[in-house]
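Report on the following structure.
Every read-out reported here was derived from the displayed coordinates using simple, explicitly stated rules and does not represent laboratory data. None of these values were measured; they are calculated from a predicted model. Every residue, glycine as well, gets a Cβ built from its backbone with ideal geometry; the counts of neighbours run over all protein chains shown.
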Amino acid sequence: DHLGGLYGLIRARRQAFEHLQLPYENVLLLCPNKLSEVGRRQWSFFNEHEFQDDVTLVYNRSLTNGTLALNDSEKLTDNDKEMEKYLLKTLEHIGMKLIQTVLVEHIYDAHAVVLKHIDGWSLAFSGDCRPSLDFIKAGQNCDVLIHEATYEDGLEIYASQMRHCTMSQAVDVGKQMNAKFIILWHFSQRYAKVPYMKRTPDLKLENVCLSFDNMRIKLSDLPRACKLTGTFESLFIKEQVLYERRSQRRERDPEVLMNNERINSQNKRRDQRYAVPTQQSTDVVQEKPREQESVNEPHESESVKQRIVVSSTT
């Protein structure tokens, strides 16, 4: 999902080739099968040439067993051979020895991906999804896991409904994957400046860092980035106090608790296929609609201030 900017990006790439007076080379696009049909239909509104003249499509499902899943020559169609040729060419150009996709639970045909470089490092990227055992297995011992963490802890049931993850669920995937570093991303818009990471004894953040728009980081800088979480929370302490109050209100509201237990019973069967989060508190509740609070309220939560002071100094 979220493909609105794709066509403008591809079009701008072609214009760049034309501006530099270079022969155009197709870009390799790993994508859901449906994108071929959707791409052709939308592309025709803005361009005179065909969508396939600009891109070479490699369908995510063709890579679920690894990069060379198409190597059975007896089963290859002409289109498969073309996909394989461009895939191998691109892998060689960027230094990758493996691209493996993993079907995950979100929208139809959603996939995570694991990349392994010829120099030995590896990266696992979740996309939007629920915790996935298959993804954990595929990304074992990776150097970097980039995993979505849409909601704060305490909204597990809501995350299940929306087919997303909480902070602890994302971190737990990294622990089970034995990832060296975990980068959290895709935070809900309710966290406008910095996400709320509720501290619990089971939530270990020594190798966890937060991502931001337009962020670029070297592997060698990840240990330093992981130490900045407390600093970010200190910069936005008023927002953190507001998030803490919302969390406490959910925990005190029995009506919301009963409603969430009913929803949890309905979703239980579907979630059995996916990784079980570390935290399984029965008093986790969904946020109840309410009047908006001001972040400038005079009284601040002592527990939040103490946690942030400790976090920013360690």
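Tabulated results
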| quantity | calculated |
| --- | --- |
| For region 84-95, 3J(HN,Hα) per residue [Karplus equation, 6.51 cos²θ - 1.76 cosθ + 1.60, θ = phi - 60°, Hz, x = Gly/Pro] | 5, 4, 5, 5, 5, 5, 5, 4, 5, 5, 9, x |
| Inter-probe distance in nm under a simple model that places probes 7 Å from Cα toward Cβ, at L88 and V38 | 3.1 nm |
| For peptides 117-127, 151-161, 54-64, sequence by mean Cβ density within 10 Å, most packed first | 151-161, 54-64, 117-127 |
| Flagged links, alpha-carbon separation over 28 Å, of K175/K227; K89/K227; K34/K116; K34/K193; K137/K204; K97/K204 | K89/K227; K34/K193; K97/K204 |
| Ordering of 173-184, 189-200 by burial proxy (mean other Cβ atoms within 10 Å per residue, highest first) | 173-184, 189-200 |
| Simple label model, 7 Å out from Cα along Cβ direction - K97 to D213, nm | 3.9 nm |
